[in-house]
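Here is the structure we will look at.
Every read-out reported here was derived from the displayed coordinates using simple, explicitly stated rules and does not represent laboratory data. Since this is a predicted model, take the numbers as computed values, not measurements. Positions of Cβ are backbone-derived with ideal geometry, glycine not excepted, and every protein chain shown enters the neighbour counts.
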Amino acid sequence: MRHIILISILLGNAWAFIHAQQPEVRVRYERNEDRKFQFYASSTTYAPVTLFLTFTKLEGTREFSIGMPKTYLLQYGENDLFTLRPDQENASISFAYKTSWRIGNMTEVPDTDFVYLSPIAPGKKVMANPMVSLKKYLNNKMKKGEKEDTNRPTGLTIKTQEGDTIYAIRSGIVGKIQDNSASQGNGRAFDRNENFVEIYHKDGSEAKYKLFKDHGIFVSEGDIVVAGQPIGIIGGENYEHGSHLRLILSGWFRPQKGDPERDIYNNKIYRIFIPVFCLPDNETCRPTALTRFVSVHPEAVIMQEMSKREKKKYLKGKSK
């Protein structure tokens, strides 16, 4: 029991370590012959990055307000931001600004009712178990006024068999992978540096899949994946409770009453949530403790975010 609790609390804090590994983001501008300033930003990660730009000084143009941050979603490579134009012809613009950024799409609020595929092969039985933070059971000192929140999940564990293929639960872009850090030794309870795949979705949510075998990941950073696509071979057979997938769904949400002020950034807070999975006969479920169901991968769920062109290409590929 002690090991299960240990996994819960450490997974709850794992996101902070991951998101502290900030990409290199650079903002630059060019002055045109007509005295306009074109702004650009570049990012070195395939994960989406939310950029905040705030002018601390701005004279000669009324297109922006001083002290009010502007938000931009950056993709890998160079991104056009905006153009500063002078108020009067041949006039000059004087400005100063500051920037900050976070990995992830903070311009959208994730849809927690979106229906996901199971990450396990169709026809297989699934056992999913949510994890929550349980500090008090680890004898961690609670801060004054702090209450244990056992309703806030830290992810899901999904029982697997050694060598099972893991599938993308939703379409998205692969932001980051790690494929050569599988833990060694038997009876493991938790290891922060296990192999993983991070996939970012269009609504601002992101999925992190953990415990792949070394060199068992099929996708690369920057790949566009579709729901139901195989992404790797699970490992974790050296863990105390056997092979399993650790699935963490998260995103940036609007703060709620009781959220720590220290965790709120630009009126958003990073939070993990439990997904809704599709079931046989068009049913759905959001797993609670030790939820069991049969995995299905309906075409309607796989194609729900595809354009007409993408659906046609997908169906043509299946017919071959």
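Applying the Kirkwood pairwise sum to the alpha-carbon positions of the stretch 188-320 produces a hydrodynamic radius of 17.6 angstrom.
If we count every other residue with Cβ under 11 angstrom of residue 55's Cβ, Lys/Arg +1 and Asp/Glu -1, where does the sum land? Charge balance near residue 55 sits at +1. Both radii come from the Cα set of the chain: Rg as radius of gyration, Rh as Kirkwood radius; their ratio Rg/Rh reads 1.03. Near residue 66, once Lys and Arg are set to +1 and Asp and Glu to -1 for all other residues with Cβ below 11 Å from its Cβ, the sum equals +1. By definition, a body whose alpha carbon gyration tensor gives a ≥ b ≥ c is prolate when a/c is 1.5 or more and a/b is larger than b/c, and the stretch 166-242 fits this prolate description.
Once the Cα atoms are used to define both axes, helix 2-20 deviates from the longest principal axis of the chain by about 20 degrees. Any of 159/202; 36/268; 268/318; 159/320 with alpha carbons more than 31 Å apart? Name them for me. Over 31 Å apart, Cα to Cα: 36/268; 268/318; 159/320. Between the amide H of residue 188 and those of 239, 240, distances stay under 5 Å, these residues lying 5 or more places away or on another chain, with hydrogens modeled in the peptide plane. Sequence-ordered 3J(HN,Hα) estimates for the stretch 258-264 from the Karplus curve with 6.51, -1.76 and 1.60 and θ = phi - 60° stand at x, 5, x, 4, 5, 9, 8 Hz, glycine and proline given as x. From most to least packed by mean Cβ count within 10 Å, the peptides 70-83, 26-39 give 70-83, 26-39.
Using R₀ = 22 Å, calculate the FRET efficiency as 1/(1 + (r/R₀)^6) where r is the Cβ-Cβ separation of residue 71 and residue 44; round to 0.05.
With a Förster radius of 22 Å, E is 0.65.
With each label modelled as a point 7 angstrom along the Cα→C-beta vector, the residue 254-residue 282 pair spans 3.2 nm.
The aspartates and glutamates within cross-link reach of residue 316, meaning a Cα-to-Cα straight distance under 18 Å and a gap of 8 or more places when in the same chain, are 299, 305. Net charge near residue 114, counting Lys/Arg +1 and Asp/Glu -1 over other residues with Cβ under 14 Å of its Cβ? Once all neighbours under 14 Å are counted, the net charge is -3. Each helix, a run of at least 4 DSSP H residues, gives -39500 (n - 2.57); summed and divided by the residues of the chain, these come to -3500 deg cm²/dmol at 222 nm.
Largest GNM mean-square fluctuation among 240, 221, 194, using the chain with Cα springs under 10 Å: 240.
Between 0 and 90 degrees, the angle of helix 308-319 with respect to the longest Cα principal axis of the chain falls at about 30 degrees.
What number, in nm² with one decimal, is the all-direction average of the projected area of the convex hull of the alpha-carbon atoms of the stretch 256-320? Result: a mean projected hull area of 8.1 nm².
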